[in-house]
Amino acid sequence: TQLLEQSPQFLSIQEGENLTVYCNSSSVFSSLQWYRQEPGEGPVLLVTVVTGGEVKKLKRLTFQFGDARKDSSLHITAAQPGDTGLYLCAGVYNDMRFGAGTRLTVKP
Amino acid sequence: GAGVSQSPSNKVTEKGKDVELRCDPISGHTALYWYRQSLGQGLEFLIYFQGNSAPDKSGLPSDRFSAERTGGSVSTLTIQRTQQEDSAVYLCASSLSSVLNSPLHFGNGTRLTVT
């Protein structure tokens, strides 16, 4: 059983489209992080959100932390092929636990 | 500067053999994590070291798995009597601070194949 549920599991879109992926839990996080992983490499941190309701923007990526600090979303505007990868959310409990990820493919 | 280094990058072993996987964290990082990632899946937590505290071993899947961290730096993950279901990528990450929301810096992993 995953502590953190991510959806969708797979997403394939055309370049230029917008998309949102989700990370949900029944537990409250002290903070949540989003990572992106490319094949053959380890995950790389994109953002950390700490405060309920917090919104952070990183170029075309917008991250939101739910008011109750149980869920988070990642929205990508005008997706590009370079956005292709596995997007992982990680929640801080007594240690750091990851969701199963959303595998995004952006076709040119 | 050097990132997290893992060795070997690939390991093929026969069922029943023991394997050792090594992680060199970023110098000065006090926290070290081991995760396992099966093909196309997310990261499964295995073990967490923080400074001189007793490690959090709650994620180790069986008593065939063990890990050490010597001198607060290099860590070794040992799998005894390997099974085919142990095949996965084993990822190590380190973090500068004891604050849990500090970013994790990952190595590129060791791909273990048990035949």
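Does the range A:87-94 contain at least one residue that is within 20 Å of B:Val4 (Cα to Cα) and within 13 Å of chain B (Cβ to nearest Cβ)? Yes, the range A:87-94 contains at least one residue that is within 20 Å of B:Val4 (Cα to Cα) and within 13 Å of chain B (Cβ to nearest Cβ).
Of all the criteria given as (1) crowded, with 21+ Cβ neighbours inside 10 Å; (2) farther than 15 Å from B:Asp18 by Cβ; (3) under 11 Å from the mean Cα position of the chain (by Cα), the one not satisfied by B:Leu104 is (3).
Among the criteria (1) in contact (Cβ under 8 Å) with a residue 60 or more places away in the chain; (2) over 15 Å from B:Gln6 (Cβ atoms); (3) more than 9 Å from every other protein chain (Cβ to nearest Cβ); (4) surrounded by 14 or more Cβ atoms within 10 Å (Cβ to Cβ), the one B:Ser95 does not fulfil is (3).
For the range A:95-108: of the residues being facing another protein chain (nearest Cβ under 10 Å) and over 15 Å from B:Tyr35 (Cα atoms), which is surrounded by the fewest Cβ atoms within 10 Å (Cβ to Cβ)? Among those that are facing another protein chain (nearest Cβ under 10 Å) and over 15 Å from B:Tyr35 (Cα atoms), it is A:Arg103. Does the range B:76-92 contain at least one residue that is open to solvent by less than 50 Å² (accessible area, probe 1.4 Å), away from chain A (no Cβ under 12 Å) and touching a Cys at 6+ places or on another chain (Cβ under 9 Å)? Yes.
Quick check: is even one residue across the range A:61-75 buried (at least 18 other Cβ atoms within 10 Å of the Cβ), more than 10 Å from every other protein chain (Cβ to nearest Cβ), assigned to a strand (DSSP E or B) and among the charged types (D, E, K, R)? For the range A:61-75, residues buried (at least 18 other Cβ atoms within 10 Å of the Cβ), more than 10 Å from every other protein chain (Cβ to nearest Cβ), assigned to a strand (DSSP E or B) and among the charged types (D, E, K, R): present. The set of residues from the range A:48-60 being away from every other protein chain (no Cβ under 14 Å) and under 15 Å from A:Arg36 (Cβ atoms) comprises A:Lys59, A:Arg60. Within the range B:76-92, the set of residues being closer than 21 Å to B:His29 by Cβ and either without any contact (Cβ under 8 Å) to a residue 40 or more places away in the chain or touching a His at 6+ places or on another chain (Cβ under 7 Å) (or both) is empty.
Check A:Glu41, A:Glu5 and return the single one that is under 18 Å from A:Ala100 (Cα atoms), open to solvent by 70 Å² or more (accessible area, probe 1.4 Å) and over 15 Å from the mean Cα position of the chain (by Cα). Unique residue meeting the criteria: A:Glu41. All conditions but one from (1) without any contact (Cβ under 8 Å) to a residue 12 or more places away in the chain; (2) in a strand (DSSP E or B); (3) within 11 Å of chain B (Cβ to nearest Cβ) apply to A:Glu41; the one that does not is (2). State all residues of the range B:56-75 that are farther than 29 Å from A:Arg103 by Cβ and either touching a His at 6+ places or on another chain (Cβ under 9 Å) or surrounded by fewer than 17 Cβ atoms within 10 Å (Cβ to Cβ) (or both); if no residue qualifies, say none. Listed by number, the residues that qualify are B:Lys57, B:Asp63, B:Arg64, B:Ser66, B:Glu68, B:Thr70, B:Gly71, B:Gly72, B:Ser73, B:Val74. Those strands (runs of 3 or more DSSP E) of the range B:1-57 in which 3 or more residues are within 11 Å of chain A (Cβ to nearest Cβ) and touching a residue at least 12 places away in the same chain (Cβ under 8 Å) occupy B:31-37, B:44-50.
The values are calculated or read from the model by the stated rules, or taken from the named source; none is laboratory data. All values reported here derive from a predicted model rather than from experimental measurement. For neighbour counting, all protein chains shown are included, and Cβ atoms are generated from backbone atoms with ideal geometry for every residue, glycine included. These area figures cover heavy atoms from the full protein model, side chains too; ligands, DNA and RNA do not enter into them. Shrake-Rupley method; radii C 1.70, N 1.55, O 1.52, S 1.80 Å.
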